[in-house]
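The values are calculated or read from the model by the stated rules, or taken from the named source; none is laboratory data. Predicted model, so just to flag it, every value in this text is computed and none were measured. Positions of Cβ are generated from backbone atoms using ideal geometry, with glycine treated the same way; all protein chains shown enter the neighbour counts.
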Amino acid sequence: MPELPEVERVRRTLLPAMLGASFDRVVLNRPDLRRPFPAGFVRRLRGQRVQTLTRRGKYLLAVLSSGDFLVIHLGMSGWLRVERTATLHGRPRDPAADLERRHDHVVFKMSTGLTVTFNDPRRFGVMDLMDAGRPPLGTLGPEPLSRAFDARALAGRVANRRVSLKVALLDQRIVAGIGNIYASEALHLARLSPFRAAATVATRAGAPRPGAERLTAAIKAVLRRAIGLGGSDRYRGARFRVYDREGEPCATDGCRGVIARIVQAGRSTFYCPVCQR
DNA sequence: ATTGAGACCTGTCGGC
DNA sequence: TGCCGACAGGTCTCAA
């Protein structure tokens with residue numbers, strides 16, 4: 001589920017439950033996610049008030065009244081849901097819901113009376129208390145929707161990089177928050193081939209090449225649109241331009257191409273061999 | 001210093 | 001129907 005637009009949607013869902021509220025109870029249903037929870041995790045959260053709830057790339061960041069930073073990454077399959085009441089007993093059996101609750105790994109009971117539950121079947125997510133200036137947070141590239149991320153910034157960051165453009169977009173140090181879906185989407189909108197060496201959109205004669213302008217604009221457009229649609233998952237939001245559309249006709253005006261799927265760095269790339277150059 | 005491959009997990013889907 | 005492999009929205013580590 002989660003790339004930048006989906007994480008942003010989760011953040012907005014969480015605001016009414018968590019912002020300005022404190023942790024009344026914290027329950028860990030297992031000792032680890034991708035990594036163990038840090039020592040004293042429950043104790044350090046309990047009673048703390050959430051002062052800010054922001055997003056950096058694909059990370060959610062809560063600054064607590066104690067000064068601690070609660071950091072949450074949703075991994076591949078993580079999400080957070082907000083519920084009004086604890087649903088512990090007296091409910092009719094619902095096999096589908098029971099199955100899902102098997103992966104409720106962390107529960108926050110907030111002073112708003114709302115419960116926030118972290119669910120993550122694959123357990124690639126991370127929850128930690130850490131310094132915002134430290135890696136990986138400190139090594140993230142610019143926020144793609146910020147002013148600071150423009151053609152010049154992108155060009156500077158891909159200079160001398162021999163990896164393909166697609167793989168470069170997945171590197172969170174170059175730009176933060178893009179994942180496998182929106183990398184393919186942005187390249188298609190920008191009509192740039194995923195195979196190109198990243199450095200081919202770098203600076204020449206002191207100015208970013210045209211590809212860098214198109215690509216930054218496409219990244220912003222694709223992400224803004226997805227945020228506007230509430231992100232994407234199986235059941236809602238985005239109709240993708242190319243992602244998961246192998247064999248379908250290309251959506252670019254006047255293009256007769258057919259969407260292809262290939263693998264780069266172990267991940268699927270969807271693209272149009274005709275209009276992406 | 002970069003880069004690719006493999007590891008970490010569970011679930012789902014399509015083919016036989 | 002059941003079994004099996006391929007694949008899934010992300011990092012992280014390790015060897016070349």
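Only residues that are within 16 Å of DNA strand B (Cβ to nearest atom) and either modelled with pLDDT of 95 or more or not in a strand (DSSP E or B) (or both) were counted across region A:213-242, and they come to 2. The residues of region A:26-58 that are in a strand (DSSP E or B) and either surrounded by 14 or more Cβ atoms within 10 Å (Cβ to Cβ) or among the β-branched types (Val, Ile, Thr) (or both), listed by number, are A:Val26, A:Val27, A:Leu28, A:Arg49, A:Val50, A:Thr52, A:Leu53, A:Thr54, A:Arg55, A:Arg56. Being of a type in the set (Val, Ile, Thr), within 16 Å of DNA strand C (Cβ to nearest atom) and either over 16 Å from A:Glu6 (Cα atoms) or in contact with a Cys (Cβ under 7 Å, 6 or more places away or on another chain) (or both) holds for only one residue in A:Thr252, A:Thr269, A:Thr200, A:Thr216, and it is A:Thr269.
Table: residues versus (1) of a type in the set (Asp, Glu); (2) in contact with a helix residue (DSSP H, G or I) (Cβ under 7 Å, 6 or more places away or on another chain); (3) within 26 Å of A:Asp32 (Cα to Cα).
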site: A:Pro95; (1), (2), (3): no, no, yes
site: A:Thr115; (1), (2), (3): no, no, yes
site: A:Ala132; (1), (2), (3): no, no, yes
site: A:Pro142; (1), (2), (3): no, yes, no
site: A:Ala151; (1), (2), (3): no, yes, no
site: A:Gly156; (1), (2), (3): no, no, no
site: A:Ala168; (1), (2), (3): no, yes, no
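Among the residues making up region A:33-49, those that are within 23 Å of the chain's Cα centre (by Cα) and in contact (Cβ under 8 Å) with a residue 60 or more places away in the chain are A:Leu33, A:Arg34, A:Arg35, A:Phe37, A:Pro38. The single condition among (1) under 19 Å from A:Gln276 (Cα atoms); (2) away from DNA strand C (no atom under 16 Å from the Cβ) that A:Asn160 does not satisfy is (1).
May I ask you to list the residues in region A:142-180 that are free of Cβ contacts under 8 Å to residues at least 60 places away in the same chain, closer than 20 Å to A:Ile72 by Cα and crowded, with 17+ Cβ neighbours inside 10 Å? Selection gives A:Pro142, A:Asp171, A:Val175.
All conditions in (1) away from DNA strand C (no atom under 16 Å from the Cβ); (2) modelled with pLDDT of 95 or more hold for A:Gly75, with the sole exception of (1).
Reported count of residues in region A:60-75, each being under 11 Å from A:Pro2 (Cβ atoms) and in contact with a Gly (Cβ under 9 Å, 6 or more places away or on another chain), is 4. Among the residues of region A:159-206, how many are assigned to a helix (DSSP H, G or I), out of contact with any strand residue (DSSP E or B) (no Cβ under 8 Å at 6 or more places or on another chain) and away from DNA strand B (no atom under 16 Å from the Cβ)? Counting residues in region A:159-206 that are assigned to a helix (DSSP H, G or I), out of contact with any strand residue (DSSP E or B) (no Cβ under 8 Å at 6 or more places or on another chain) and away from DNA strand B (no atom under 16 Å from the Cβ) gives 4. Scanning region A:181-191 for residues that are of a type outside the set (Gly, Ala, Ser), over 17 Å from A:Arg9 (Cβ atoms) and surrounded by fewer than 24 Cβ atoms within 10 Å (Cβ to Cβ) yields a total of 2. Cβ-Cβ contacts under 8 Å between residues 6 or more apart (or on different chains), taken from a first residue in region A:181-194 that is closer than 15 Å to A:Pro210 by Cβ and charged (D, E, K, R) to a second residue that is away from DNA strand B (no atom under 16 Å from the Cβ) and in a helix (DSSP H, G or I), are listed as A:Arg191/A:Arg214.
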